[in-house]
1. Skip the ligands, DNA and RNA, and give the accessible area per residue of the chain with a 1.4 Å probe, whole Å².
2. Quick one: if you stick a label point 7 Å off each Cα along the C-beta vector at residue 842 and residue 818, how many nm between them?
3. Given only helices, namely DSSP H runs of n ≥ 4 each adding -39500 (n - 2.57), what is the per-residue ellipticity at 222 nm of the chain, to the nearest 500 deg cm²/dmol?
4. How long are the three semi-axes of the equivalent ellipsoid of the range 295-379, in whole Å, if each is the root of 5 times an eigenvalue of the C-alpha gyration tensor, listed from largest down?
5. Keeping the other protein chains in place, figure out the carbon and sulfur percent of the accessible area of the range 577-683, with a 1.4 Å probe.
6. Provide the solvent-accessible area of residue 165, counting protein heavy atoms only and rolling a 1.4 Å probe, rounded to the nearest 10 Å².
7. What whole-number distance in Å separates the alpha-carbon centres of the range 129-146 and the range 470-487?
8. Let me check I have the definition right: for the range 292-438, take the eigenvalues of the Cα gyration tensor, multiply each by 5, take square roots. What are those semi-axes in whole Å, largest first?
Amino acid sequence: MEIPSKYSPAQLEDKWYQYWMEKKYFHSEPDDREPYTIVIPPPNVTGVLHMGHMLNNTIQDVLVRRARMQGKNACWVPGTDHASIATEAKVVAKLKADGLDKNKMNREEFLEHAWEWKEKHGGIILEQLKKLGASCDWDRTSFTMDEALYDSVIDTFVDLYEKGLIYRGVRMVNWDPQAKTAVSDEEVIYKEVQSKLYYLKYQVEGEPDFITIATTRPETILGDTAVCVHPEDERFARFHGKKVIVPLVNRAVPIIVDEYVDREFGTGALKITPAHDENDYMLGEKHKLESIDIFNSDGTMNAVVGLYVGLDRFEVRKQIVKDLEADGSMLKVEDYTNKVGYSERTDAVIEPRLSPQWFLKMKELAKPALEVVESDELKFHPAKFKNIYRHWMENVRDWNISRQLWWGHRIPVYYLPNGEYVVAKSLEEALEKANKQFDAEWQLSDLRQDEDVMDTWFSSWLWPISVFDGIRFPDNEEIKYYYPTNDLVTAPEIIFFWVARMIIAGLEYRNEIPFKNVYFTGIVRDKLGRKMSKSLGNSPDPIGLMEQYGADGVRVGMLLTSPAGNDLPFDESLCEQGRNFSNKIWNALRLVKGWQVDENLETSENNKLAVSWFESRFNKTLSEIENNFEQYRISNALMDIYKLVWDDFCSWYLEMVKPAYQQPIDAFTFEKTVSLFEQLMKVLHPFMPFLTEEIWHLLRDRNEGEDIIIALMPVAGSYEEKMLAGFDTAVEIITSLRSLRKEKDIKNKQELELLVQEGPLSDCIFYPVVSKLTNLSIIEKVNEKPEGAVVFTVGAQEFYVPLSGQVDTEKEIEKIEEELKYTRGFLQSVAKKLSNERFVQNAPAEVVEKERQKQADAEARIQVLEEQLKAFKG
């Protein structure tokens, strides 16, 4: 068949993806094969594909496709996360645009709109992943609020509560005034900002003296209930036991003493606002201080104090500064740099707030989850993330698992008419429990369920278990077969949000780790090193990139510079490089398929050597690729196959066996070439699935179902180091001869003679290859340099090319002297290293030996060059 002159990915990608889907190649059911399982980090249901998703899912697809080709039962479970805060914000915005207000709806009405929004927008990102070539088992697509997953979350809450691990308490929480909900410590991003430090005078009650305090948040003085000083700070000793008057509100509050105060910070006196600062809250508890909450849930001022009612907290700050200056209470204002917490979800400034919340005790749960990582039962790639993980797990705090939202898994707590509550899986079960526990006869209508939902992460921490329904049915066939999963590919930013908690849940509910390896991707950054984001406008559209460069081109571009755990400096030219690679392979296919085969033609020595060499090169590279996969160096594995295809196969092997213009090729070489091409496509398939499937079917006729996606991955065989070393030498000889032609302006069609001085390289087996690729008429051994010949050296071996009357003696002398100068300098640097006793004693023996070999080679080379120089100078 006619092979198009250009590779056009768009049509082929759609064709093959549809074909794979129809063949159910992505689908997995438990059987007697070894399972290989990955669960996708579920993207937010609100999400669209960005560059981080592209990198993460490309890596997952590489691992899954490779496992499938190794004969394993590969199962990649896709799905989406309900994303409480993000989704509720999107739905509220949509309602507002439609002239509707969440505050004027009941819960059921709002949830109807939320589900409608989810059904309309929720599948976008999964459809986009198909464009990338993601070979997910789409029949298993899960959503964190599907019935099975929803019930699993409820069951888990009830179970942990009954184990005494979940409790309710009024605590200082991180409040997001925009989302109107508490967020966990891990969802707070601290940014360094330029602030002001306001110095305020608090009049001592009944005295002319005043105490000066310094604050960055003057609006919170309205909630002050004490001023605190260090017990040993002599400046304030005479004020112990007295009271001060809070400016503007004229509230008398006690002066308390506590060693918590840092005497060197600010003025040494602290204003205490228990309702709006975590440390103040702890002091308030200790000293039994009143707590005055001055803010509404949206960050506006409430009516408790009667000042600035309804104004936003930052507007209050501007106004109160003017009022304090007018009142004479403002002493001075200084510029000040401090860190301020922002909500990871909405970027609103976090407001510390006292709030009744549900918490999960983490200390005891965290211990076994730390041990499995420390012992390498569960491996991190790269291992440096163990230190971050250890620090968090050793300092873990109780997890605030409640959120003041409607979209999510509703907390299964039911409040009773007598002020008590029960925890149950359903309203009916709650009523039964309540009546039994309190010997009552309440009706369903007497019970009121908690209004809050659970933190989104409280559902996704169960993901590797709940997608196989292992919480509700812990002994079902699927959870026993697919769990624990093999690899998790994720970003280090969610090591605490998700990775640590999944490990905890896995050990708690399966008594097993949820995955054996965690591969941490880096952050995709632009050329300036900035994180890609919508706000900066520096993130290209992944779909647009795939349309321009092909999905395979973008996959290769993403992976070429993305070592595990390190940031990826993305440049669109990387995708161009990926597309060029596709074109290179396509052109190689057209070349091979364009050859005419002569069944009667004998195989030349050159072709036999070429085949033997490439088989050795292929096996050696394949062993390196296998090693890189074992070490999760996926970028390195790609670079290995990239070089093997581009350099070794296309640039060397095909040139070596290519028949002369309009001449046929022998059947043995052709068959070997097609077979080697097939092997290369198999190794490359996990990285470039579409191109390789197309080429696989063009290389030879296939039977039904004989597709590369399920072909067996080659396994590295033996290889001859001596042959590989011999070819490397031949490459140096070929390169030198080509340079000589260029330097002397000798046309390629003009034959040259090559004379080889007797020595270690005089019997190189690759001389037939050298002869073909450099158009030599003869290769002969000689004992001495012939007259009128140009000399070049490979290692310590001299080669001569007779060029009667074409040798410029002065130029040759200049060239040798330049090389001699460089080699002497190189020898000096090696000798210096070897004269360093610390290096010789501490470096690995093979490293020292390598340096000694460099020294010996340099000395031999200098000797050869000096003799050449002597010969030219006569």
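1. Numbers: 40440 Å² over 874 residues.
About 46 Å² of surface per residue is accessible.
2. Simple spin-label model gives 3.9 nm for this pair.
3. Numbers: 28 runs with 371 residues, N = 874.
Using -39500 (n - 2.57) per qualifying helix, the result is -13500 deg cm²/dmol.
4. Working: eigenvalues 364, 68, 28 Å².
Equivalent-ellipsoid dimensions as semi-axes: 43, 18, 12 Å.
5. Details: 1850 of 4490 Å².
Whole-percent figure for carbon plus sulfur exposure: 41.
6. Looks like 30 Å² after rounding.
7. What the calculation gives is 18 Å, centre to centre.
8. Semi-axis lengths for the range 292-438 are 40, 31, 13 Å.
The values are calculated or read from the model by the stated rules, or taken from the named source; none is laboratory data. Everything numeric in this text was worked out from a predicted model, so none of it was measured. FYI the Cβ positions are ideal-geometry reconstructions off the backbone, even for glycines, and counts take in every protein chain you see. Heavy atoms of the whole protein, side chains included, go into the accessibility calculation; ligands, DNA and RNA do not. Shrake-Rupley method; radii C 1.70, N 1.55, O 1.52, S 1.80 Å.
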